[in-house]
Amino acid sequence: MTQRILFVSDATIDQSLRAALEERRFEVAESDSQRALSKLTIGSFDLLIINTRNATQAIELLKNVRSVTSLRNVVTLVIAEWGTGQPTLALSEGADAFEPAPIDAARLVAAVEHLLRPHMVMTAKASTADGEAGE
């Protein structure tokens, strides 16, 4: 099952970020802050990534998302600069996580996988008491 991400930014998403996410089999859609809420309510997204320079817009979007009952399960990740207060404010307004800006592809993928795939089950054969591999 493909997990869907809505990437909200005030600029076009960096293609290396998009490619890294798509390489890990995430479906990525883009939006600006003004259209994001309607895209979230119409579509079925698993993760909202907010990466805007305007902290007020980012927090307003986050508040709006958290006020819509049907969107309360959407996981949110805010990308914000240290020292701006935006990370703390975003977390206090209901963001599930934040990553410091600027973000690179490897760190973004790691954060997304941590948020969306926390219960990935690894299977392995267990050893029995006599050392034989069992199932």
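The values are calculated or read from the model by the stated rules, or taken from the named source; none is laboratory data. Since this is a predicted model, take the numbers as computed values, not measurements. Here the Cβ is made from the backbone with ideal geometry for all residues, glycine too, and neighbour counts use every protein chain on show. The protein model used for the area step is the full one, side chains on, heavy atoms only, and it has no ligands, DNA or RNA in it. Shrake-Rupley method; radii C 1.70, N 1.55, O 1.52, S 1.80 Å.
Do you know which of the residues in region 67-97 that are assigned to a helix (DSSP H, G or I) and under 15 Å from the mean Cα position of the chain (by Cα) is surrounded by the most Cβ atoms within 10 Å (Cβ to Cβ)?
Residue satisfying both the conditions and the ranking: Ala90.
Under the condition of being basic (Lys, Arg) and part of a loop (DSSP other than H, G, I, E, B), which residue from region 1-25 is farthest from Ile103 (Cα to Cα)?
Looking at the filtered set, the residue picked out is Arg25.
Could you tell me how many of the residues in region 44-66 are in contact with a Leu (Cβ under 7 Å, 6 or more places away or on another chain) and assigned to a loop (DSSP other than H, G, I, E, B)?
Residues meeting the conditions: 2.
State the number of residues belonging to region 26-39 that are closer than 20 Å to Gln86 by Cβ and either of a type outside the set (Ser, Thr, Tyr) or part of a helix (DSSP H, G or I) (or both).
Selection size over region 26-39: 5.
With respect to the numbered conditions (1) touching a Ser or Thr at 6+ places or on another chain (Cβ under 7 Å); (2) more than 21 Å from Arg117 (Cβ to Cβ); (3) open to solvent by 70 Å² or more (accessible area, probe 1.4 Å), which one is the sole condition not fulfilled by Ser9?
(3)
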